[in-house]
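Please treat every number below as a calculation from the coordinates, not as lab data. These figures come from a predicted structure and were not determined experimentally. Here Cβ is always computed from backbone atoms with ideal geometry, including for glycine, and neighbour counts include all displayed protein chains.
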Amino acid sequence: MQNPDTTSPGLSHSQTGVTPLPYWVGPVSHVWLPRLVAIDSSWNPRFWSQKLFEGELSNPASRVRGLFSDNELIGYGIAHVVANEAHIVSFGIASKNRGKGAGEYLLRDILSSLSAEGVSVVTLEVRLSNTIAQALYTKIGFDIVSVRKRYYSSNNEDALTMRLKVSDLGA
Ligand SMILES: CC(C)(COP(=O)(O)OP(=O)(O)OC[C@H]1O[C@@H](n2cnc3c(N)ncnc32)[C@H](O)[C@@H]1OP(=O)(O)O)[C@@H](O)C(=O)NCCC(=O)NCCS
């Protein structure tokens, strides 16, 4: 499937002499709604409906960024922005693309575009059992700031609230 709204990965290999990255980040259009649900449902027991994702695409406070490879959406992140703070409400990479640097690449891109619009603090919630996501967030510079008891109604699991001062973004 082609997505006319994806941004270019930049100059081609022949123009730069540098091997291009296998993926690029860009805005997500309505054509990708079924794919957003498919990616979300691969890990989220209470996965979002197409209508919910559609609401995010039209919410002026919402920033929806997609990670694309070979004209396929392979990951996405959604942040809500209020003044100089952002909260990441959903973030994930399609199962077969995990463990290859895609999540870190997308998250860094999201944080850099939030920073460019003046965001200085980013927060998120993550399941206590989701040590993989916690490792990624910690690597990037997020700290645990609190525990929210029984935050996830699917299994009453606790959430960790993590917070990043964008100026502390790790290399
Ligand atoms: C969490 C998630 C986004 C990470 O994306 P990814 O593309 O697999 O991660 P990357 O390959 O970019 O790895 C980046 C870092 O994440 C951590 N990480 C990734 N896979 C890991 C694993 N299997 N075990 C431990 N840490 C891991 C590491 O810190 C890694 O850095 P390193 O390679 O220097 O060790 C992805 O696993 C995912 O989509 N999971 C399901 C959805 C989810 O949990 N979303 C977060 C909700 S809060």
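Brief remarks on what is shown
- Direction-averaged projected area, Cα convex hull, the chain: 10.4 nm², rounded to one decimal.
- Electrostatic dipole magnitude of the chain [Cβ: Lys, Arg +1; Asp, Glu -1; Cα centre; debye, to 20]: 380 debye
- In terms of the mean number of neighbouring beta-carbon atoms within 10 Å, the peptides 46-56, 117-127 order highest first as 117-127, 46-56.
- Cα gyration tensor shape for region 88-158, rounded if a/c is under 1.5, else prolate or oblate: oblate
- Lysine pair count for region 18-171 with Cα-Cα distance under 29 Å and sequence separation of 8 or more or different chains is 8.
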